[in-house]
Structure formats: C-alpha cells, structure tokens
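Peer 1: Dropping the structure in here first, questions after.
Laboratory data are not the source of any read-out in this text; all were calculated from the coordinates shown. What you are looking at is a predicted structure, and each value in this text was computed from that prediction instead of being measured. Reconstructed Cβ throughout: ideal geometry from the backbone, glycine too, with neighbour counts over all protein chains shown.
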Amino acid sequence: MVAHLDIISNSHKFPKLDGLLPFHTIAMDLDGTLLDSRASISSLNHYVLQSALDQGVGLIIATGRRFSSALPYAQEFRGNVIVVANNGQVLRSSPDGRRISETYISEKAAFAVLSLGKKKGHSPLLHVDRFEEGIDILLESPITDERYHNYSGGDIARTKVVSDLPGHSSDRALVICYLSLMKEELIELEKELLSLPESSEYRTVITKIPGVSYCLEVLEKGVSKWTAIQSYLKISGLDESGVISFGDELNDREMLFSSGYGFAMKNAVPVLKEGASYITKYSNNEDGIAMTLLELSVLSFR
C-alpha cells in the first residue's frame with residue numbers, strides 16, 4: 001500500500017495515509033518517547049494506544065531498560081503487549097512475562113569486557129536474564145553506591161552483590177553497563193573495549209539516561225531492538241513494512257531505519273533526526289506518539 005507524502009517544514013516527509021491502515025504493529029521506545037519527563041504515560045498516549053490495541057494493532061515497547069522495569073508500563077494496557085528489553089537481548093510478553101527469545105553475550109566476551117573495565121577503574125553492572133529468580137543485575141557493591149548515580153532510583157530489589165563480577169560472565173549475560181557523568185570518559189573506555197580481540201563478538205552504544213548519567217552498554221553483536229522485533233514478526237507471520245516505530249536515541253536507530261514508518265521524536269538527538277525518514281511534530285512531553293497517530297487518521301474512535 002503506497003502512502004501519499006506531504007513535505008513539512010523540516011524537509012523531512014510526513015506520510016498522509018488518507019484513512020488507510022498500512023501498519024499492523026506500533027513499536028516505541030520508553031524514555032524520551034512514550035514516557036514524558038515525569039516518566040509517565042500521558043492520558044492521551046494511553047487512550048490512543050489502547051484504542052489501537054483494541055482494534056487489533058500490535059503494541060511493542062522496545063527499550064534499553066530491563067524487563068522488570070518496563071513491565072509495569074506494558075501492564076498499564078489491557079491486552080497482550082510485547083516487550084523488547086535490554087536493547088533487544090530479551091523478548092517477553094506482558095502481562096504474563098513469558099520469554100519469547102533471548103541472546104546472551106558469550107562467556108569469553110563478557111569476561112574480557114568486565115575485566116578491562118575493572119582494570120581501568122570503572123564499576124560495571126551486569127544485566128542477567130534471571131527474571132523468574134528475582135534477579136536482574138549483578139554488581140560488586142550495592143546499587144545505592146554513589147558510583148552508580150542513582151541508576152535504579154535507590155531500589156535494591158532484583159539486584160545481587162557478588163565478590164567477583166568477571167566470575168559471573170557465564171551467568172546468562174545480557175548487557176554490561178558502565179556509567180559516568182562525563183561522556184568523554186565513556187568514549188575513551190569504548191575505544192579500549194573495541195580494541196580487544198573479543199570485540200568481534202559485541203557492539204557498544206552510548207546513551208544518556210535522564211536524571212542519571214551517560215551509559216556505555218556492551219551487547220551481543222548484531223542484536224538490537226529491531227532484531228528482536230524481527231523475531232516477533234517472524235513468529236507471528238507479519239511483514240516488516242507493517243511496523244510504525246518511534247524513538248529518540250541512537251539505540252533506536254535500527255528500529256526507525258528498518259521499519260515501514262520510522263519516526264524520530266521531535267526531541268530526538270540530532271544525529272537520529274538527520275537520518276530518519278520521518279520526524280514527529282511533537283515531543284514526548286507533547287503526546288508525540290498519540291498526536292502523530294491522530295494526524296495520520298488511521299484509527300477509528302468511538
């Protein structure tokens with residue numbers, strides 16, 4: 001189905017769909033996208049997305065957060081919502097928490113990354129896939145330590161302190177995180193991590209966590225939010241062109257650039273907006289997702 005296109009002031013195209021429904025799935029990032037600056041889903045975003053879900057459109061929350069952190073937001077909706085957690089490393093469903101797919105960092109690569117980080121004086125966090133056991137993060141000192149910059153909001157639940165983090169490199173490793181208030185510090189660490197022989201097995205991404213710090217994440221190479229979404233589409237027998245997606249950070253790049261209709265949020269980082277096909281006219285604090293779906297006029301409301 002071909003959409004008619006209108007050119008808007010920022011020189012990016014905004015699709016005019018004439019009441020047709022060219023997508024079957026809405027995929028969206030959480031922080032800076034679905035969530036406003038108060039970390040809440042606005043009433044308008046909720047109403048529009050719930051209406052879409054009720055009309056048979058699939059909802060996917062695709063986030064860098066761990067599954068347990070994203071699950072409460074998915075459970076705000078009535079019906080089945082798919083959650084892509086840890087930037088694509090784990091795919092689960094809500095509300096039941098059933099695991100659909102997972103990808104772990106190899107023991108060899110995890111050991112090398114954790115060992116180098118510690119050698120350079122950093123304090124890594126190891127995200128692991130132990131949701132059913134009540135454990136998400138392994139670290140060598142309490143999460144409340146100031147070196148973690150309020151990463152968990154002071155919540156020690158679902159974290160476990162271990163004596164030697166590299167010794168847990170085979171423990172279903174999902175993501176290795178390094179935090180710093182100075183982005184340059186993480187850029188330097190990233191260069192060193194990418195110079196390791198094991199770097200052929202992983203990729204890195206640096207993002208800014210609102211209200212926390214900059215975050216350097218190490219993930220299995222070739223894994224992204226989009227690869228997890230692809231797994232879901234394949235299982236469900238759905239085509240990739242039928243996905244409309246929304247995001248604001250570099251970890252949304254693959255999702256936005258590969259889906260049928262990829263929207264960078266108005267508040268997205270400049271480099272993402274430069275390469276995006278579409279840009280929302282509204283930010284995450286202006287109901288950007290809902291307003292875009294309403295302007296596309298593809299949903300019916302009763």
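Peer 1: Ranked highest first by the average count of other Cβ atoms within 10 Å around their residues, in what order do 24-30, 210-216, 270-276, 84-90 fall?
Peer 2: Taking the mean over residues of other Cβ atoms within 10 Å, the ranking is 84-90, 24-30, 210-216, 270-276.
Peer 1: One-quarter of the Cα convex hull surface for region 107-220, in nm²?
Peer 2: Mean projected area for region 107-220: 6.5 nm², to one decimal.
Peer 1: Mind checking which lysines have their C-alpha under 16 Å from residue 225, skipping anything on the same chain fewer than 8 residues away?
Peer 2: Within reach: 234.
Peer 1: Could you state the angle between the C-alpha long axis of helix 107-119 and the longest principal axis of the C-alpha atoms of the chain, as a value from 0 to 90 degrees rounded to the nearest 10?
Peer 2: Orientation of helix 107-119: about 70 degrees from the principal axis.
Peer 1: Positive end of the dipole of the chain, charges at C-beta (+1 Lys, Arg; -1 Asp, Glu), about the Cα centre: which of 125, 114, 44 has its Cα farthest in that direction?
Peer 2: So the residue we want is 44.
Peer 1: If you don't mind, there's one more thing I want to ask. Taking 7 Å along the Cα-to-C-beta vector as the label spot, tell me the residue 115-residue 271 distance in nanometres, rounded to one decimal.
Peer 2: 3.0 nm
Peer 1: To continue, here is another question. Would you work out the relative contact order for the chain, in percent, from Cα pairs under 8 angstrom that are 6 or more residues apart?
Peer 2: 21 percent
Peer 1: Tell me the relative contact order for region 107-220 as a rounded percent, counting alpha carbon contacts under 8 Å between residues six or more apart.
Peer 2: 29 percent
Peer 1: Show me 59-66, 232-239 ranked by packing, highest mean number of other Cβ atoms within 10 Å first.
Peer 2: Highest-to-lowest ranking by the protection proxy: 59-66, 232-239.
Peer 1: Toward the positive end of the charge dipole of region 107-220, about the Cα centre and with charges on Cβ (Lys, Arg +1; Asp, Glu -1), which of 137, 178, 159 goes farthest?
Peer 2: Of the candidates, 178 comes out farthest on the positive side.
Peer 1: Order the peptides 131-137, 172-178, 203-209 from the highest to the lowest mean number of other Cβ atoms within 10 Å of their residues.
Peer 2: Top of the packing list down: 172-178, 203-209, 131-137.
Peer 1: Counting Lys and Arg as +1 and Asp and Glu as -1, each charge on the Cβ, what is the dipole of the chain about the Cα centre in debye, to the nearest 20?
Peer 2: Dipole about the Cα centre, nearest 20: 200 debye.
Peer 1: Okay, moving on. If you fit an axis through the alpha-carbon atoms of helix 183-194 and take the longest principal axis of the Cα set of the chain, what angle between them do you get, 0 to 90°, nearest 10?
Peer 2: 70 degrees
Peer 1: Same structure again: For region 107-220, with only Lys/Arg (+1) and Asp/Glu (-1) charged at the beta-carbon, what is the dipole magnitude about the Cα centre, in debye rounded to 20?
Peer 2: About 180 debye.
Peer 1: How much mean residue ellipticity at 222 nm does the chain get from its helices, if each DSSP H run of length 4 or more adds -39500 (n - 2.57) and you divide by all residues, to the nearest 500 deg cm²/dmol?
Peer 2: That calculation yields -7500 deg cm²/dmol at 222 nm.
Peer 1: At a Cα cut-off below 16 Å, give the aspartates and glutamates reachable from residue 119, other chains included and same-chain residues fewer than 8 away excluded.
Peer 2: Of all the aspartates and glutamates, those that pass the test against residue 119 - Cα under 16 Å, at least 8 places apart if same chain - are 140, 164, 185, 188, 190, 192.
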